[in-house]
Amino acid sequence: MPSDRRHQVHRQKLDIADLPATKAVGEDIASAAAPSAQSHGIRVEVFDKMTPLEAEWRALERDDLASLHQGYDWCAAWAETSGHRLAIVRGSVNGCTAFILPLEIIRSKGVRRAEFIGAPHSNINTGLFSAEFLETAGNGLTGSKQTAIAQTLRGKADLMLLRNVPLTWRGRKSPLASLPSVENQNHAFQLPLLVSFETTLKQVNAKRRRKKFKHQSRILDEKGGYEHVIAGPDQQDVLLDLFFRQKAVRFKTAGLPDVFRDAPTQSALHRLLAHRDAGGADITLEMHALRLKGEHEGHIPAIAALSRKGDHVICQFASIDETLVPEASPGELLFWLMIERLHREGVALFDFGIGDQGYKRSWCPVETVQHDLILPVSAVGHVAAFVQRGMTRAKAAIKANPRLYGLIQRQRSRQGINAPSTEDDDKD
């Protein structure tokens with residue numbers, strides 16, 4: 001994309017001197033690690049705790065192109081609430097950490113899947129890799145390394161399933177791209193923020209966008225006005241709970257299962273609100289809202305939750321109250337206000353996340369294809385991998401048929417099916 005700022009960001013790399021050389025791991029790490037495997041100089045181990053790896057984990061997550069969903073704080077919030085066993089894969093070369101894959105074990109229908117921690121509520125997954133590994137391992141996790149990973153997971157999982165991985169992200173090929181893959185049924189949608197806000201809008205019909213913004217503002221000004229609220233520490237949990245209520249109503253009205261209803265999910269999201277990069281711009285989770293004045297004083301018709309990593313912002317989820325000023329499209333107005341503010345703050349990419357919806361396409365000139373990567377570990381895993389690929393392709397076909405997709409979703413809602421299938425539902 002034509003912004004010099006973006007090209008500079010793409011060239012940023014971690015200084016290998018800043019990474020800790022984690023040799024001679026010590027008693028705490030040794031007690032948390034399972035038997036290891038060796039492959040062409042890379043030692044692969046599996047850990048059932050996060051804490052022994054925290055220092056090296058936080059060093060690797062500093063890579064701007066590593067997904068915030070593999071960040072230590074993000075994973076800790078989900079690990080502390082889900083109750084799933086952890087299987088954190090670490091690869092090291094000469095005692096220095098080369099990569100970390102933060103996985104948890106999900107058991108379903110007799111099959112144990114090693115998946116990214118919190119994967120059902122992730123919008124992009126990349127794993128964590130050191131600068132040295134990215135520079136020297138041109139082919140990424142090739143066959144011998146995959147074999148070593150499978151060996152270390154043996155007895156813990158039947159297959160490793162890494163969902164929503166872009167094989168190329170912002171110009172960099174993923175080290176995971178060599179794993180067997182199938183295209184995920186959900187794509188992600190992004191808006192690049194260019195040199196000026198006007199240039200940014202030109203990607204999505206600037207004239208129409210400005211006309212709509214003025215129309216929305218005029219409607220609300222006539223009712224007393226509005227303001228864009230970024231929740232402070234005393235407001236963020238209240239706004240999140242309001243989001244849960246708004247979303248529950250919307251899901252029920254649409255006849256869809258509520259993917260935010262279960263207590264562990266709500267608890268994890270509340271925990272994420274408490275984390276923020278000290279003195280930096282990175283934000284694990286932050287609540288935004290449109291608050292009305294005048295006629296509807298204090299009422300909130302639209303809410304969104306944003307995360308920031310470097311110059312990349314993700315809208316994790318959003319909701320609207322359809323009983324309040326629907327003629328002003330408050331959700332669309334909130335997106336305008338957030339994007340305009342983030343452009344001023346130097347953000348280069350606003351990510352609407354996974355899920356194909358009309359409002360995303362209206363904002364986004366970029367559509368990112370993501371893949372599910374599948375590595376069988378056991379005999380059961382080989383069968384499950386075959387079934388998984390078939391199911392993913394079937395889901396893609398169903399989603400391409402809106403009428404059939406709506407029918408199936410309504411049936412799931414009537415049966416009370418929620419959390420187990422959240423990876424298939426649009427979260428916003």
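Computed quantities for the displayed model
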quantity: Rule-of-thumb Rg ratio for segment 217-317 [Cα; 2.2 N^0.38 Å; N residues]; calculated: 1.18
quantity: Set of lysines with alpha-carbon distance to LYS223 below 16 Å, sequence-local pairs under 8 removed; calculated: LYS214, LYS293
quantity: Long-range HN-HN contacts of GLY127 with modeled amide H, under 5 Å; calculated: SER67
quantity: Computed [θ] at 222 nm, deg cm²/dmol, the chain (DSSP H ≥ 4; -39,500 (n - 2.57); rounded to nearest 500); calculated: -11500 deg cm²/dmol
quantity: Tensor-based shape of segment 325-409 (alpha-carbon gyration tensor, a/c under 1.5 rounded, otherwise prolate or oblate); calculated: oblate
quantity: Formal net charge of residues neighbouring VAL387 (Cβ-Cβ distance under 13 Å; K, R +1; D, E -1); calculated: +3
quantity: Degrees, to the nearest 10: 379-399 long Cα axis against longest axis of the chain; calculated: 20 degrees
quantity: In degrees, nearest ten, helix 330-344 long axis to first principal axis of the chain (Cα); calculated: 60 degrees
quantity: Cut-off of 10 Å, at most 14 other beta carbons, DSSP loop: longest stretch of the chain lacking such GluC sites (Glu not before Pro); calculated: 1-296
quantity: Rg/Rh ratio calculated on Cα atoms of the chain (Kirkwood radius); calculated: 0.97
quantity: Extension gain from LYS207 to THR168, taking 0.36 nm per residue of separation minus the Cα-Cα distance; calculated: 10.8 nm
quantity: Sequence-distant lysines (8 or more away, or on other chains) whose Cα lies within less than 28 Å of LYS173; calculated: LYS13, LYS145, LYS309, LYS360, LYS395, LYS399, LYS427
quantity: Simple Cβ-charge dipole of segment 181-281, Lys/Arg +1 and Asp/Glu -1, about Cα centre, in debye nearest 20; calculated: 740 debye
quantity: Helix 143-153 vs. the chain, principal-axis angle (Cα, 0 to 90°, nearest 10); calculated: 90 degrees
quantity: Theoretical gain in end-to-end length, PHE386 to GLU183 [0.36 nm per residue, Cα-Cα removed]; calculated: 71.7 nm
quantity: Loop sites in segment 106-144: trypsin sites (Lys or Arg not before Pro), DSSP, at most 16 other Cβ within 10 Å; calculated: LYS109
quantity: Most mobile listed residue (GLN70, GLN236, GLN357) in the chain, GNM with C-alpha springs under 10 Å; calculated: GLN357
quantity: Histogram of C-alpha separations across segment 160-219, 10 Å bin width, %; calculated: 17, 31, 22, 20, 10, 0
quantity: Cα-centre dipole for the chain with unit charges at Cβ (Lys and Arg positive, Asp and Glu negative), debye to 20; calculated: 1460 debye
quantity: Residue among PHE99, PHE243, PHE251 with the largest mean-square fluctuation in a Gaussian network model of the chain, springs linking Cα atoms under 10 Å; calculated: PHE251
quantity: Only Lys, Arg (+1) and Asp, Glu (-1) charged, at Cβ; segment 79-173 dipole about Cα centre in debye; calculated: 300 debye
quantity: Fraction of accessible area attributable to carbon and sulfur, segment 170-273 (%, probe 1.4 Å); calculated: 53 percent
quantity: Per residue value of the accessible surface for the chain (all protein chains in place, 1.4 Å probe), Å²; calculated: 43 Å²
quantity: Gyration tensor over alpha-carbon atoms, segment 28-141, equivalent ellipsoid semi-axes in Å; calculated: 22, 17, 14
quantity: List LYS49, LYS145, ordered by accessible area with a 1.4 Å probe, largest first; calculated: LYS49, LYS145
quantity: Computed Rg/Rh of segment 149-188, alpha carbon atoms with Kirkwood Rh; calculated: 1.04
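The values are calculated or read from the model by the stated rules, or taken from the named source; none is laboratory data. The model shown is predicted, which means the values in this text are computed figures rather than measured ones. Don't worry about glycine lacking a Cβ; one is built from the backbone with ideal geometry, like all the others, and counts go over all protein chains shown. For the accessible areas, the whole protein counts, side chains as well, though only heavy atoms, and no ligand, DNA or RNA atoms are used. Shrake-Rupley method; radii C 1.70, N 1.55, O 1.52, S 1.80 Å.
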